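S.K.: This is the structure I want to talk about, given as structure tokens.
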Amino acid sequence: MPRESFQHELDQLITDILNLGGEVSASLENMVRAMETRDADLAAKELGVDLGFKARGAELERDSMILQARQAPVARDLRLLYTAQSLTNHLVRSGALTEHICQALVETAESERDEDLEAALLEMARTARNIFNEGLDIFRDRDIERARNLQAKDDKVDLLYSEAMNLIANPSDAGAGSPEWRMRAALIVHYLERIADHGVDVGGSTVFLVTGERIEDAMRQYLERDIGPE
């Protein structure tokens, strides 16, 4: 009976984490839509969500610590609890970054923008959102093959990061955008890169949960696998 109760509490902890992930994902979706439509009112709706995410994160970390203190977890249970704490951190930080971006969108709503830079930021935002969502799906499904392929998708974010920073540093003569917009754009680029990184790390945490391997070791073994003839 104690084991059944412990398993129920573990399952509930993971459900609560996935629910938090869904809320962060919804904020990310609103952020992308606000960027697509230049809708400052929609972006403004996300201001203040960081406090809620942090409060939820603190509750989840407390619940995880209580489970460890009250029970005698076996190795797999400990991996799950460690992963739960790691995921909570990634989700809360992603939520905070989303709010930072929405704040920048609100404060530069009337600013002149560089259309090429804005297009690069929008593509980067869509890609970061997709990576974050896929990281959550990977954790939910325990799909370590997708986790090992997620890093390749993050490479697109790195390319867009370089493109956006080049546009910020070397604006065209026509339509360079206001200085305030360009300054905020530089911050948005950094925030989006970090959101994508958090999504990749969620996938990496799933590899650790399922196999006990760190993602770096798992990637090395995966790439060096022997693929013989069928």
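S.K.: Residue check: is residue 76 in contact (Cβ under 8 Å) with a residue 40 or more places away in the chain and either on the phi < 0 side of the Ramachandran plot or open to solvent by 70 Å² or more (accessible area, probe 1.4 Å) (or both)?
M.R.: So residue 76 does not fit the description; no.
S.K.: Looking at 26, 40, 44, 34 in this structure, which one is buried (at least 18 other Cβ atoms within 10 Å of the Cβ) and either under 22 Å from residue 137 (Cα atoms) or of a type outside the set (D, E, K, R) (or both)?
M.R.: Working: 26 fails: buried (at least 18 other Cβ atoms within 10 Å of the Cβ); 40 fails: buried (at least 18 other Cβ atoms within 10 Å of the Cβ); 44 fails: buried (at least 18 other Cβ atoms within 10 Å of the Cβ).
Going through 26, 40, 44, 34 in turn, just one is buried (at least 18 other Cβ atoms within 10 Å of the Cβ) and either under 22 Å from residue 137 (Cα atoms) or of a type outside the set (D, E, K, R) (or both): 34.
S.K.: Related question: If you go through the stretch 1-49 one residue at a time, how many are in contact with a Gly (Cβ under 8 Å, 6 or more places away or on another chain) and among the β-branched types (Val, Ile, Thr)?
M.R.: The total comes to 2.
S.K.: Looking at residue 55 and the list (1) in a helix (DSSP H, G or I); (2) over 20 Å from residue 142 (Cβ atoms); (3) open to solvent by 60 Å² or more (accessible area, probe 1.4 Å); (4) of a type outside the set (Val, Ile, Thr), which single condition is not satisfied?
M.R.: Just one mismatch for residue 55, condition (3).
S.K.: Do you know which residues across the stretch 58-73 are open to solvent by less than 60 Å² (accessible area, probe 1.4 Å) and either touching a His at 6+ places or on another chain (Cβ under 8 Å) or of a type outside the set (Gly, Ala, Ser) (or both)?
M.R.: 60, 63, 67, 71, 73, listed by residue number.
S.K.: While we're looking at this one, here's another question. Residue 119 is checked against (1) modelled with pLDDT under 90; (2) under 24 Å from residue 134 (Cβ atoms); (3) small (Gly, Ala, Ser) and fails just one. What number does that condition carry?
M.R.: Just one mismatch for residue 119, condition (1).
The values are calculated or read from the model by the stated rules, or taken from the named source; none is laboratory data. In this text, all values refer to a predicted model and were calculated from it rather than measured experimentally. Heads up, the Cβs are rebuilt from the backbone with ideal geometry, glycines too, and the neighbour counts pull from every protein chain shown. The protein model used for the area step is the full one, side chains on, heavy atoms only, and it has no ligands, DNA or RNA in it. Shrake-Rupley method; radii C 1.70, N 1.55, O 1.52, S 1.80 Å.
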